[in-house]
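Single-structure report; data block below.
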Amino acid sequence: MIDVTDASFQTDVIERSNTVPVVVDLWAPWCEPCKTLGPILEKVIAATGGKVELVKVDVDTNPQIAQSFQIQGIPAVYAIKDGEVADGFVGAKGESEITAFVDNLLPDAQEEIVQKLLDEGTESSLEEVLEAIPDHPEAIVLLAAIYVDNENSEEALDLLKRIPESQETRHIAARARTGSLPETQILEKLDELLPHVKADEDARTEFVDLLDVLGPKNVEVKNYRQKLSRALY
């Protein structure tokens, strides 16, 4: 169970739900029924062994999430699968009702087979998943990464076109376009490109790709995005 914020909702809930069902528990510290429901949700979802995941959202400090669900009261619970609301309820419920709610989110036999192939994570197993489900997001991301590692960049880029853009897909696509460079060389390349980004669209595109290769957690990315902004405007 993790606490999700307005800033992390897209990654921790929407994108994560393409891999595993995510149950969103909307609550607040002053809500007494929330305090009863929360431990039941944690217990029942923990019993799935990772087949369903739980996140909690404090509606007082995360108004954007609360507004997106258009909640009328709390506790409010929503199940997200493949980026969409699959089920939900408002108000406290007992353990048997929560168990039935969570059981409906568990994978069926075909989904279990697909998950085993995803867990195997080989090129052949992922291609097998995509033969059955051509737009399976997780399989596409994993296979595209393998293609990039094997220097099959065009195949990777073509594959990524099947699904909406995300932080993960941008990172892999950027690697496919720029190649695998160590961080020191990427930073040197960014410095070389910076004087040209305003007038040269190709230089600007490569600059952004290299930032995506570094990823948002890299401490240098914020600094170079600021440099890019100053160079452009």
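Each reported figure results from applying straightforward, stated rules to the coordinates on display, with no laboratory input. Here the structure is a predicted model, which means the values were calculated and not measured. Every residue, glycine as well, gets a Cβ built from its backbone with ideal geometry; the counts of neighbours run over all protein chains shown.
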Quiz item: So what J values fall out for segment 117-131 if you push phi through Karplus, 6.51 cos²θ - 1.76 cosθ + 1.60 with θ = phi - 60°, rounded to Hz, Gly and Pro as x?
Solution: 5, 5, 5, 5, x, 8, 4, 5, 5, 6, 5, 5, 4, 6, 5
Self-check item: Estimated dipole of segment 114-178 in Debye, rounded to 20 [Cβ of Lys and Arg +1, of Asp and Glu -1, Cα centre]
Solution: 320 debye
Exercise. Could you list which residues have their amide H under 5 Å from that of Lys56, counting only those 5 or more apart in sequence or on another chain, with H placed in the peptide plane?
Key: Ile2, Asp3, Val4, Asp25
Quiz prompt | Overall Cα dimensions of the chain - principal axes, largest extent first, Å | solution = 61, 43, 25
Quiz item: Under the Karplus relation 6.51 cos²θ - 1.76 cosθ + 1.60, θ = phi - 60°, what is the ordered set of whole-Hz ³J(HN,Hα) values for segment 180-185, x standing for Gly and Pro?
Solution: 8, 10, x, 4, 4, 6
Quiz item: Around Ser180, with a cut-off of 10 angstrom between Cβ atoms, what is the net charge of the other residues, counting Lys and Arg +1 and Asp and Glu -1?
Solution: -1
Quiz item: Once the other residues with Cβ under 14 Å from the Cβ of Pro164 are scored (Lys, Arg +1; Asp, Glu -1), what is the net sum?
Solution: -4
Self-check item: Burial order of peptide ranges 218-224, 132-138 (average beta-carbon count within 10 Å, highest first)
Solution: 132-138, 218-224
Practice problem: Could you give the size of the charge dipole of the chain about its Cα centre, using +1 on the Cβ of each K and R and -1 on the Cβ of each D and E, expressed in debye and rounded to the nearest 20? | Solution: 960 debye
Exercise. With a bin width of 10 angstrom, please list the P(r) values of segment 114-178 as percents of all Cα-Cα pairs, from the 0 bin to the one holding the largest distance.
Key: 25, 56, 18, 0
Exercise. Express as a percent, rounded to the nearest 5, the fraction of DSSP beta bridges in the chain (both residues included) that run antiparallel.
Key: 60 percent
Quiz item: So what's the Cα pair-distance distribution over segment 183-232, bin width 10 Å, in %?
Solution: 29, 61, 10
Practice problem: Could you pull out every residue, at least 5 positions away or on a different chain, whose amide H is within less than 5 Å of the one on Gly88? Hs are placed 1.01 Å off N in the peptide plane, and Pro or chain starts have none. | Solution: Ala79
Quiz prompt | Using θ = phi - 60° and Karplus 6.51 cos²θ - 1.76 cosθ + 1.60, couplings along segment 187-196 (whole Hz; Gly, Pro as x) | solution = 5, 4, 5, 4, 5, 5, 7, 3, x, 10
Quiz item: Under the definition of Cα pairs under 8 Å and six or more residues apart, what whole-number percent is the relative contact order of the chain?
Solution: 15 percent
Quiz item: Which residues' amide hydrogens lie under 5 Å from the amide hydrogen of Gly83, considering only partners 5 or more residues apart or on another chain, with H built in the peptide plane?
Solution: Ser17, Asn18
Self-check item: Computed magnitude of the charge dipole of segment 183-232 (debye, nearest 20; Cβ of K, R +1, Cβ of D, E -1)
Solution: 380 debye
